[in-house]
Amino acid sequence: MFASLLLSWYDANHRVLPFRGTKDPYRIWVSEIMLQQTRTETVAGYYTRFLDRFPDVFSLADAPEEDVLKCWEGLGYYSRARNLHKAAKVVAEKYEGKFPADLELLRALPGVGDYTAAAVASIAFDIPAPAMDGNLTRVLSRFHGVREDVDIPAVKRRLAGLGREDMPDTRCGDFNQAMMDLGATVCTPGTPDCEACPLRPLCDAYKAGDAETLPIKAAAKPPKDVAMAVALITCRGRIWMTRRQEALLKNLWVYQLTENAESGTDVEKAIKNLGIRAGYQSDLGKARHVFTHRVWNMTLYHYEAESADCKEGRFVTLSEMNALPIPTAMKAAKEQAVRLLTPEILPMDEALLPEVAAAYSASWKKAHAAHCDPDFLEDHTPAYMEAKLRDYLSWGNEIYALRLSGKTAGVLAIDRKHNELATLYIAPDWQGLGIGKAAVAFAVRELDDTRAMKVTTLAKNERATRLYHSYGFRHKAKTRFLDRKQTLAEIDWLRSPTGKGKKTT
Ligand code: SF4
């Protein structure tokens with residue numbers, strides 16, 4: 001009676017979910033692991049992306065663990081992803097890619113508990129096994145009037161036995177999914193919608209009027225508070241990260257973490273133990289992340305290292321950081337890291353002028369080292385460049401400081417009158433970090449799209465050639481030689497008017 005009432009209701013009212021309607025045990029297993037501790041709406045997007053990346057058990061088994069963790073990024077409870085990967089290897093190697101149609105063998109796979117084994121066995125193979133999650137526990141305890149703590153092992157076993165008795169011999173997967181849907185939409189936590197429930201005529205709690213108090217659970221222990229200092233250690237446009245070895249968030253990439261740090265001195269000691277010499281720059285605010293058994297109350301700091309030497313971990317660029325699996329607990333820290341690693345373009349002011357002149361001097365000397373005689377190079381001191389920048393300003397050029405992680409890394413000058421990107425230099429230590437690209441994008445936005453844009457580079461600067469080419473600049477035929485031996489040459493680049501006019505945003 002229980003099963004026929006439930007299945008008739010399910011046929012008319014079942015939820016339409018992206019992971020339903022398949023008998024493929026691989027797909028069912030992936031969705032059931034994802035659904036543990038995670039809302040159905042959250043899982044939907046992850047499920048589709050995960051299966052696009054790992055369409056079958058062999059592709060998952062063959063993938064590096066880091067790729068699996070990256071695909072799982074943001075779902076939390078990362079041990080699920082690590083176990084999913086381990087279990088895929090077992091199925092691929094021991095069972096030749098075929099999931100065993102056996103409850104006990106499924107249960108023996110890494111990360112597969114009673115619930116998941118029962119869900120896969122019933123949905124994929126029609127094996128009668130109740131998938132005892134929170135929904136089934138609630139519906140069965142109310143329906144059968146079980147008024148004892150459902151976390152006590154003997155009570156758990158009794159409820160699973162009642163579930164098995166209520167289960168039909170066929171449509172076992174539909175029975176479990178119907179119970180899940182009833183628990184999620186009708187027999188919900190708190191006040192259930194008994195008027196809409198197909199089981200109402202036989203329900204003990206409905207008759208007794210105490211459904212709201214069931215299931216009985218002992219009060220959970222509150223999670224433990226942990227003070228965590230998070231240091232974002234940058235070094236010339238890169239940031240230090242490490243692959244975590246501790247059980248919590250194992251193998252995920254994090255910034256420097258100091259548990260129970262009582263002062264900045266503790267953080268500095270921890271940084272020194274990594275073999276990094278770094279100076280404090282600023283506080284970056286606070287963040288909080290709640291795990292099942294603990295809460296991290298995080299304080300974020302920014303440090304700048306003197307060099308990229310370190311005993312463990314490594315300094316990574318923004319694009320390298322974005323490719324690593326980083327846990328949600330680091331969300332606020334990652335946002336700050338992205339900000340620190342994103343180039344800033346600031347209008348020049350007197351305070352910035354010496355730093356910009358120093359970066360200009362260093363990069364000019366490097367760019368011209370192969371062509372100019374040493375004395376001429378040495379003449380291009382920061383003081384000389386500062387005077388040159390003042391000249392540019394007096395001619396009406398706009399000068400910008402190019403900065404990264406709070407440091408000045410280069411200079412950009414634009415000449416609106418001649419619609420020209422007049423100067424762009426990035427200091428040698430700061431090249432290859434996307435600063436030049438950000439500066440050219442900025443200049444193209446600022447200059448007039450309806451007129452030809454101009455820029456001049458040295459003839460043999462391949463990096464600049466690629467960059468300007470990607471922004472639509474093309475060689476003007478003429479090459480100007482700058483010395484009598486004709487070893488040093490400049491070329492002009494032109495970007496045709498687009499006719500679109502300037503962007504207003
Ligand atoms: S009648 Fe009410 S309490 Fe009983 S199973 Fe249905 S929704 Fe739950």
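The values are calculated or read from the model by the stated rules, or taken from the named source; none is laboratory data. Predicted model, so just to flag it, every value in this text is computed and none were measured. Glycine also receives a Cβ, built like all others from the backbone with ideal geometry; neighbour counts cover every protein chain displayed.
Test Val139 against the stated conditions and say whether it is under 26 Å from Trp9 (Cβ atoms), hydrophobic (A, V, I, L, M, F, W, C) and within 16 Å of the ligand (Cβ to nearest atom).
Details: under 26 Å from Trp9 (Cβ atoms): yes; hydrophobic (A, V, I, L, M, F, W, C): yes; within 16 Å of the ligand (Cβ to nearest atom): yes.
Against the criterion (under 26 Å from Trp9 (Cβ atoms), hydrophobic (A, V, I, L, M, F, W, C) and within 16 Å of the ligand (Cβ to nearest atom)), Val139 qualifies.
How many of the residues in the stretch 417-458 are among the aromatic types (Phe, Trp, Tyr) and closer than 24 Å to Thr479 by Cβ?
Step one: list which residues in the stretch 417-458 are among the aromatic types (Phe, Trp, Tyr), which gives 425, 430, 442.
In the following step, the residues that additionally are closer than 24 Å to Thr479 by Cβ were identified as 425.
Total satisfying the criteria: 1.
Within the stretch 264-313, count every residue that is of a type in the set (Ser, Thr, Tyr), assigned to a strand (DSSP E or B) and in contact (Cβ under 8 Å) with a residue 24 or more places away in the chain.
Narrowing the stretch 264-313 to residues of a type in the set (Ser, Thr, Tyr): 265, 280, 282, 292, 299, 301, 303, 307.
Filter once more, so that each one left must be assigned to a strand (DSSP E or B): 280, 282, 299, 301, 303.
From what is left, the residues that are in contact (Cβ under 8 Å) with a residue 24 or more places away in the chain are 282, 299, 301, 303.
Going through the stretch 264-313 one residue at a time, the tally reaches 4.
Among the residues in the stretch 437-452, are any in a helix (DSSP H, G or I), touching an Asp or Glu at 6+ places or on another chain (Cβ under 9 Å) and of a type in the set (Phe, Trp, Tyr)?
no
Six or more apart or on different chains, Cβ atoms under 9 Å: show the pairs whose first residue is in the stretch 220-238 and free of Cβ contacts under 8 Å to residues at least 12 places away in the same chain and whose second is in a strand (DSSP E or B) and surrounded by fewer than 21 Cβ atoms within 10 Å (Cβ to Cβ).
Sorted first by the residue in the stretch 220-238, then by its partner, the pairs are Pro222/Val295.
Please determine whether any residue of the stretch 388-399 is at pLDDT 90 or above, surrounded by 13 or more Cβ atoms within 10 Å (Cβ to Cβ) and in a strand (DSSP E or B).
yes
Here is a list of conditions, (1) touching a Pro at 6+ places or on another chain (Cβ under 7 Å); (2) among the hydrophobic types (A, V, I, L, M, F, W, C); (3) away from the ligand (no atom under 12 Å from the Cβ); (4) under 20 Å from Leu35 (Cα atoms), and Met132 meets all of them except one; can you say which number that is?
Tallying (1) touching a Pro at 6+ places or on another chain (Cβ under 7 Å); (2) among the hydrophobic types (A, V, I, L, M, F, W, C); (3) away from the ligand (no atom under 12 Å from the Cβ); (4) under 20 Å from Leu35 (Cα atoms), Met132 fails exactly one: (1).
Considering each of Val230, Val254 in turn, give the residue that is surrounded by fewer than 21 Cβ atoms within 10 Å (Cβ to Cβ) and of a type outside the set (Phe, Trp, Tyr).
None of the others qualify; the one that does is Val254.
Just to be sure I understand, how many residues within the stretch 148-177 are surrounded by 16 or more Cβ atoms within 10 Å (Cβ to Cβ) and away from the ligand (no atom under 12 Å from the Cβ)? Steps first, please.
So the first thing to find is which residues in the stretch 148-177 are surrounded by 16 or more Cβ atoms within 10 Å (Cβ to Cβ), and the list is 150, 155, 158-160, 162-163, 166-167, 171-177.
Filter again for away from the ligand (no atom under 12 Å from the Cβ), leaving 150, 155, 158-160, 162-163, 167, 171-177.
Selection size over the stretch 148-177: 15.
Being under 11 Å from Val139 (Cβ atoms), modelled with pLDDT of 95 or more, out of contact with any Phe, Trp or Tyr (no Cβ under 6 Å at 6 or more places or on another chain) and more than 13 Å from the ligand (Cβ to nearest atom) is the requirement here; does Leu182 meet it? Even if it seems obvious, please write down each step before you answer.
Numbers: under 11 Å from Val139 (Cβ atoms): yes; modelled with pLDDT of 95 or more: yes; out of contact with any Phe, Trp or Tyr (no Cβ under 6 Å at 6 or more places or on another chain): yes; more than 13 Å from the ligand (Cβ to nearest atom): no.
Criteria not met by Leu182.
Could you grab the pairs with beta carbons closer than 7 Å, sequence gap of 6+ or different chains, first residue in the stretch 372-400 and in the same structural domain as Thr423 (by TED's automatic domain parsing) and under 22 Å from Ala439 (Cβ atoms), second one of a type in the set (A, V, I, L, M, F, W, C) and assigned to a loop (DSSP other than H, G, I, E, B)?
Qualifying pairs under 7 Å: Ile399/Met348; Tyr400/Met348.
Is there a residue in the stretch 194-216 that is free of Cβ contacts under 8 Å to residues at least 24 places away in the same chain and more than 16 Å from the ligand (Cβ to nearest atom)?
no
I'd like to know if the stretch 77-98 contains one or more residues that are in the same structural domain as Arg39 (by TED's automatic domain parsing), crowded, with 16+ Cβ neighbours inside 10 Å, in contact with a Ser or Thr (Cβ under 8 Å, 6 or more places away or on another chain) and assigned to a helix (DSSP H, G or I).
Among the residues of the stretch 77-98, not one is in the same structural domain as Arg39 (by TED's automatic domain parsing), crowded, with 16+ Cβ neighbours inside 10 Å, in contact with a Ser or Thr (Cβ under 8 Å, 6 or more places away or on another chain) and assigned to a helix (DSSP H, G or I), which makes the answer no.
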